[in-house]
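Here it is: the structure, laid out below.
Read-outs: derived from the displayed coordinates by stated rules, not from any lab. Remember, predicted model here, so these are calculated numbers, not experimental data. Here the Cβ positions follow ideal geometry from the backbone for every residue, glycine too, while neighbour counts run over all protein chains shown.
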Amino acid sequence: MKFTSVSAKLNIAVGSISVASLVIGFFVLFSYAKQIETDVYINTQQELISEAKDKIASKMKIGITNAISIANDKRIRIALEKNQRQLAIDSLQDISKKMKQHTEFQNIKIHLHTKDNKSFLRNWKLDKYGDDLSSFRDSVVSVNKNYLPIKTFEIGRAGLLIRAITPIIESNELHIGSLEFIQGINSVVKFFDKKNQGFLLLMDENINEKIKTGKNFSFNKNKKFKQYIISQKFINEKFLTDAKTINMQQLIKDKYILSSEYLYTYTDVTNFRNQKLGIVLLAKPLSIVNTAIDGAENLIYMALLGILGMMIVISLVIIISLKNLVITPLKKFEQGLNDFFLFLQGKKEYTENLEIKTNDEFGHMATSLKENIAVSARLHEEINELNLNLEEKIEEKTRKVTTLLDNAGQGFLSFSCDLIIDDEYSKECIKLLGENLAGKYIPDILFSNNPTKQKFFQKTVLEACRIDSTLVQESILTLLPNEIILNKRALKLDYKILENEKLMLIITNITAQKKLEKKVKKEQEVLKMIVEIVSESETFYDTKKGYENFINTYENHINYSKTPLNNISEIYRVIHTFKGAFSQLYMGDIVKFLHSLESKLSLMLRENNHTNEQLLNILKSTDFSSNLNNELEIIRTILGDEFLDSQNYLKINCSDINQLQKKIHNVFREQRFNTSESKEIIKQVSNLSNQKLIHLLRPYANLAQQLASKLEKEIYEFEIIGDNKLIISEKYKPFVKSLIHIFRNCIDHGIEDQETRLINNKDEIGTISCNFSVDNDKIQIIISDDGAGIDKEKVLSKAITEEILTKDEAYKLNDDDIYALIFDARLSTKNTVSDISGRGIGMNAVSVEVDKIGGYIEIRSQKNIGTTFTFNLPKSEEEE
């Protein structure tokens, strides 16, 4: 084979590649220049069709959304169900008015149909109804038959219209008819016109015969366009004049066509059965299209010239550079390597130094080769020594790492994606998880009695193993449990990703830490209780006294002349009120005890098969005192006997005050003292056993703040507003105590979380207020919030579910009747029971206490505005 130097080969290769690149580039760019015109036309056609379809689809989507929304209007359903056309007219007029104010729809067209396909109401033609639509309104028939909504083009007297039709379903899933939302296409036409583009909705003039609509529509002949009828109001006359010059048959065949002014294309218009009704004629000014074509072609030709010049320059530079930078150093390097190999073979006693002094790869290679020759013998000896000692060093290092892990106070083990534990693990793993762990299934070890958690652990680990990204793997592993209870120990689990589809599990015994946290939490709860009791000592003494009195007299609450159900409800209300009062004082143990007792009473109410004697036996078997005594012992230990026993005020037996009042009254009557001074003396003696109303209400302001914080809500601080001198008698106290349920209701049911309030354009901080006043014959207490308001639909639904009333009875109730239902002991709008609410008995307790003192309750509520409770109580001479 003839010898050819590297230099010659490189020169030939560079020259050949350059020439070939120039030829190929020229033909590619020239061909692309010819193709670009066609591509621009096709892209323009596709863009016009895509934009038209998007706008029409959006129009239809808005139509079906409005149709479904209007169909869900309760008045529409009632009007259609009960054949009340006037109610439907009024409802649609209200809806039309709102849509004018808040949307782009100024004159909506709504058509209501009965379930047997007859016209019930046309809101634009009120006097035309009752006509049978079955023969020519296929879409209406389909909706009433299949109960599925339809959005489609359909023929009408004005040509093609967008019709969105949805079934109307009664709340009991009963189909009662359908609703049609009718739209034109003008907004889409104007959108295209603003962009200097043409849009023409054309209906086939022979459509009646083609799809057999069942009805022959007559159309305005002035809107005739070739073999079509124009189906839009807004028309750009310039565009229409030019459009009349094109050949429609040629357009249909070639998909696009050019006039002197526009590029035209079209898209078919079909109904919901995919039957063709006509076309949309679309156009874009030819001046805009040609500008894009000219610009692209100019760039191509300029690029071609630039490539030609660059290829010539690059070829020359490469040839010269290769000679100086590659060929010459390669020749020197060849000579140096030949000397080096002869030296290694022992055929030469020395090697010539490579004289390549360039600061590049060749220079570095020459220097490196000389250095390697000098140290090759020494490296050979070191390699032999390393081979002998390597195994011993690895074993020593492994022993050190194992010792370190065994004394780290944590368990270390690894497992593969098949969840089988590897052979190596630290000694702490044996202590925490058991012996002989190697080869065992890790979910069985961690969650031996919980198949659900085993399955979740397996699924999560396998999902992480299937992912290549370490970041995503770590994110998935955060879903795994990080704390478990195993063998009566609290264990913290950390997961690390290793190589070769391995995972490491690090186990830490945190039992002592958890015990400490539990102890600290208990101490914090005790501290909160002590602070609250000291702050509200009168409330504490009053609640303690009332509960101790109940413990000694609960038998008196069982009236054997009444049914067991009445007596259970009475005990239930008393227990619920005491629970709320103790919760206000953070006396958690007794609150839990009373909550558990409530659950027993709630079960007895549902079973409704117990006797009064059984109720009494349950109360006798209940240890009411132990939880209270435990709480009191804590208070005594911290605050001392003096605080717990003294109660900070002079104790006077109420019966002594009553006897003194009677004696004074008898003396005045015998002595015929009937002056205002004598009445004032009797009143002041009576007030010794009474309290100021503002003092009894004031703790509720603090309670509301505490409860809001517990439920992660926020309210403004508020004060009780009213006459500081108003004193009420003992008979009002049970009612005032029951108001704790109103404040709890305001926080739990009324005030929304901050996110919901912001969505509803409300201050993220809620407002609660409480004020009272007095006039000649009554005391009025008003409690209000600016929360969600009472959900009347939800109240009625719950009442029907709990069989408190029937559906027929529910429809007849006015707002006051609906609000009154929240005081029914059988009803709660909460789906779950907590220590705050959910049983329904709290509001009932308020109602019972109001009835006992001869008062009445007024409620005003508005959705997303709030609720106001007004308590009107009779005033006796003592309440002044």
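Averaged over all directions, how much area does the convex hull of the C-alpha atoms of the stretch 244-289 cover when projected, in nm²?
3.6
Rounded to the nearest Å, what's the spacing between the alpha carbon centres of the stretch 435-450 and the stretch 420-434? Just the number, please.
Centre-to-centre distance over Cα atoms comes out at 10 Å.
Working out 0.36 nm times the residue gap between Asp131 and Asp589, then minus their Cα-Cα distance, what length gain in nm do you get to one decimal?
Extra length from Asp131 to Asp589 when fully extended: 157.7 nm.
For the stretch 256-329, what is the convex hull (Cα atoms) projected area averaged across all directions, in square nanometres?
Taking a quarter of the hull surface, the average projection is 10.4 nm².
Let me ask another. Per residue, how big is the convex hull of the stretch 439-525 when only Cα atoms are used? Give it in Å³.
124
While we're on this one: Mind giving me the FRET efficiency for Ile24 and Gln706? R0 is 56 Å, r the Cβ-Cβ distance, nearest 0.05 is fine.
0.10
Taking the convex hull of the Cα atoms, report for the stretch 411-469 its projected area averaged over all directions, in nm².
Value for the stretch 411-469: 4.3 nm².
List the GluC sites (Glu not before Pro) in the stretch 733-785 that DSSP assigns to loop (not H, G, I, E or B) and whose Cβ has at most 16 other Cβ atoms within 10 Å. Which are they?
Within the stretch 733-785, the qualifying GluC sites (Glu not before Pro) (loop, at most 16 other Cβ atoms within 10 Å) are Glu764.
What three numbers, in Å, describe the spread of the alpha carbons of the stretch 222-299 along their principal axes, ordered from the longest?
Rounded to whole Å, the extents work out to 47, 28, 21 Å.
By what distance, in whole Å, do the Cα atoms of the stretch 451-592 stretch along each of the three principal axes, largest value first?
Sorted largest first, the three principal extents are 78, 40, 28 Å.
Counting only Cα, what are the radius of gyration and maximum Cα-Cα distance Dmax of the stretch 730-877, in Å?
15.8, 50
Sticking with this structure for a sec: For a 23 Å ceiling on Cα separation, which of these pairs sit above it: Lys592/Lys620; Lys61/Lys276; Lys528/Lys579; Lys579/Lys863?
Too far apart for the 23 Å limit: Lys579/Lys863.
Near Gly177, within a Cβ-to-Cβ distance under 11 Å, what is the net charge of the other residues, with Lys and Arg +1 and Asp and Glu -1?
After counting each charged neighbour, the total is -1.
Which FRET efficiency value, to the nearest 0.05, do you get for Lys692 and Lys812 by plugging their Cβ-Cβ distance into 1/(1 + (r/R0)^6) with R0 = 56 Å?
Here the calculated transfer efficiency is 0.80.
I'd like the FRET efficiency for Ile551 and Lys459, computed as 1/(1 + (r/R0)^6) with the beta carbon distance as r and R0 of 60 Å, rounded to 0.05.
Calculated transfer efficiency: 0.65.
Rounded to whole Å, give me the distance from the Cα center of the stretch 721-798 to that of the stretch 58-135.
Value for the Cα centre distance between the two parts: 40 Å.
Quick one: Cα convex hull volume of the stretch 23-95, Å³ per residue?
Taking only Cα atoms, the stretch 23-95 has a hull volume of 112 Å³ per residue.
Distance between Cα centroids, the stretch 529-566 to the stretch 226-278: provide it in whole Å.
The two parts, judged by their Cα centres, are 86 Å apart.
Using 0.36 nm per residue, how much length does the chain from Ser448 to Arg826 gain when fully extended, once their Cα-Cα distance is taken away?
Fully extending the segment from Ser448 to Arg826 adds 131.8 nm.
What length, rounded to one decimal in nm, is gained on full extension from Arg75 through to Glu719, with 0.36 nm per residue of separation minus their alpha-carbon distance?
In short, 227.6 nm is gained.
Going through the stretch 449-544, which trypsin sites (Lys or Arg not before Pro) have at most 15 other Cβ atoms within 10 Å and a DSSP loop state?
The qualifying sites are Arg466, Lys488.
For the stretch 587-630, report the % of Cα-Cα distances exceeding 11 Å.
Roughly 69 percent, rounded to a whole number.
How large is the convex hull of the Cα atoms of the stretch 695-757 per residue, expressed in Å³ as a whole number?
Here the figure is 81 Å³ per residue.
So, one more: Mind scanning Lys55/Lys762; Lys521/Lys600; Lys522/Lys713; Lys98/Lys125 and naming the pairs with a C-alpha gap bigger than 31 Å?
Lys55/Lys762
With just the Cα atoms of the stretch 484-567, tell me how far they stretch along each of the three principal axes, in Å, largest first.
79, 39, 19
Something else now. How big is the stretch 517-615 by Rg and Dmax over its Cα atoms, in Å?
Answer for the stretch 517-615, Rg first and Dmax second: 16.1, 53 Å.
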